Amino acid sequence: MIMEQNILSALLESAKGILSLFEKGWVVKTLIFAIFVGSIIELIQRSGGVQGFIGFLQKGKQLITNKKEAELLPFFIGLAIFIESSITSLIAGTVSRPITDQFGTSREKLAYICDSTSAPICTMFPLNAWGALLLGLIGAQIEAGVITGEPIKLLGYALLFNFYAFFSILLVLYTILRGIDFPSYTKVEPVTLTLSNTKGDIFALIVPIVSLLMLVFLFLFITGGGNMLKGSGSTSVFGAVMGSILISSLYYFIKKSMPAKEILIAIVKGAKRMLPIAGILLFAFAIGEVTVQMGTGLYISHFANAILHPALLPVGIFLLSAIIAFSTGTSWGTFSIMMPIAITIAANMDADTTTLLPLAIAAVISGGVFGDHASPISDTTIISAMAAGCDLIAHVKTQLPWALISALFSIILFLLFGYLLI
């Protein structure tokens, strides 16, 4: 119920609304997934997985003989590690910085490479907390009866139109292969990555990540009755993260990488670190519920139907999402605000939601990632600059032109596909 001019009643109803979310199985499983992803990250770090990965790469220094190869190192690290965007940027920058310094790559370009292969990659391969958030937001609209279908199927289709992520990755690869230099501004003291004192073991990194990926597909197959597209996304990511923790823990125990007590401590400590993320998820779901109850999407869709051609909707959503994300520095908050609105508008503007709906979802994702990518107050922007050892404003200034080029290409394709498919 929406309370009018009664703050106390509104607060009580808000609290009830948040608590009522725990009655929904998919919400609980999604929150558990987001929390225990932190356990996997902590286990990888404490077991020496990250240290083993760094050692493996450092052994291959002799294989890197020129500037181009040095810059490809953080690029491929970014492609390989997509569990969490901040971890991706931190590892890519810290591991690669000594090597790229040796071949004269500016710290600003290294920061650009790290930043452009963090959030964009996480949205392209969303078997992580990003995927949990997106699946949850889409699932909330299905639960509310705004649309029908399977969240994982809708998200998978929408990711085919995730143009900003595609162009960000292609452009950073282009700058590397073409040998495009970035101007070098301020250099700051290097930021070191805190590692475990345990002897490095690269398989301590590989086992959790590979088991997580394989189990997601396995559970999608099982819950979908043999059809992964019909599988339950929330059940699959929940089962995968718990299974990955079990498999990883057994591996560490058998290999004597960590004693049983330390494994349990790592699981708890990693989960505690992700509690704020789980809180963001919970409030994101609550925001989605409120926007549905207030009829925000329906209200906007009335105006959109009157003045906006359906083919222009994806571009409009992209631009609005980009502005919100750039202003707030958070793509997650942008997804939470814009996804319920975009889905409702798309559902009301086009009865055949198989075309407009995926484009609308993709526009929210692309716009949110662009704003987050370009914003100077984004956590991934800040961490990328720190890991690369360059000044934050210098990183933003040198990255922004390339981010705007990716955004321009995205706008063109959203327009093109809008008119072709709708």
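Would you check which residues across region 156-182 are part of a loop (DSSP other than H, G, I, E, B) and under 23 Å from the mean Cα position of the chain (by Cα) and list them?
The initial filter retains those residues of region 156-182 that are part of a loop (DSSP other than H, G, I, E, B), namely 162, 178-182.
Listed by number, the list holds a single entry, Asn162.
Considering only helices (runs of 4 or more DSSP H) fully contained in region 43-155, which possess at least 2 residues that are surrounded by fewer than 22 Cβ atoms within 10 Å (Cβ to Cβ) and at pLDDT below 80?
49-59, 85-102
Under 27 Å from Asn348 (Cα atoms), of a type in the set (A, V, I, L, M, F, W, C) and in contact with a helix residue (DSSP H, G or I) (Cβ under 6 Å, 6 or more places away or on another chain) - does that describe any residue in region 379-388? Lay out the reasoning, then the answer.
Taking region 379-388 and keeping what is under 27 Å from Asn348 (Cα atoms), we get none.
No.
I'd like the full set of residues that are more than 14 Å from Phe417 (Cβ to Cβ) and modelled with pLDDT under 80, limited to region 349-377. Walk me through how you get there before you give the answer.
From region 349-377, those more than 14 Å from Phe417 (Cβ to Cβ) are 349, 351-353, 364-365, 367-377; that's our starting set.
Correct list: Met349, Ala351, Asp352, Thr353, Ile377.
Among the listed residues Val207, Val237, identify the single one that is buried (at least 16 other Cβ atoms within 10 Å of the Cβ) and at pLDDT below 85. Lay out the reasoning, then the answer.
Numbers: Val207 fails: at pLDDT below 85.
It is Val237.
The values are calculated or read from the model by the stated rules, or taken from the named source; none is laboratory data. Quantities reported herein were computed from a predicted structural model and do not represent experimental measurements. We place every Cβ from the backbone using ideal geometry, glycine too, and count neighbours over all the protein chains shown.
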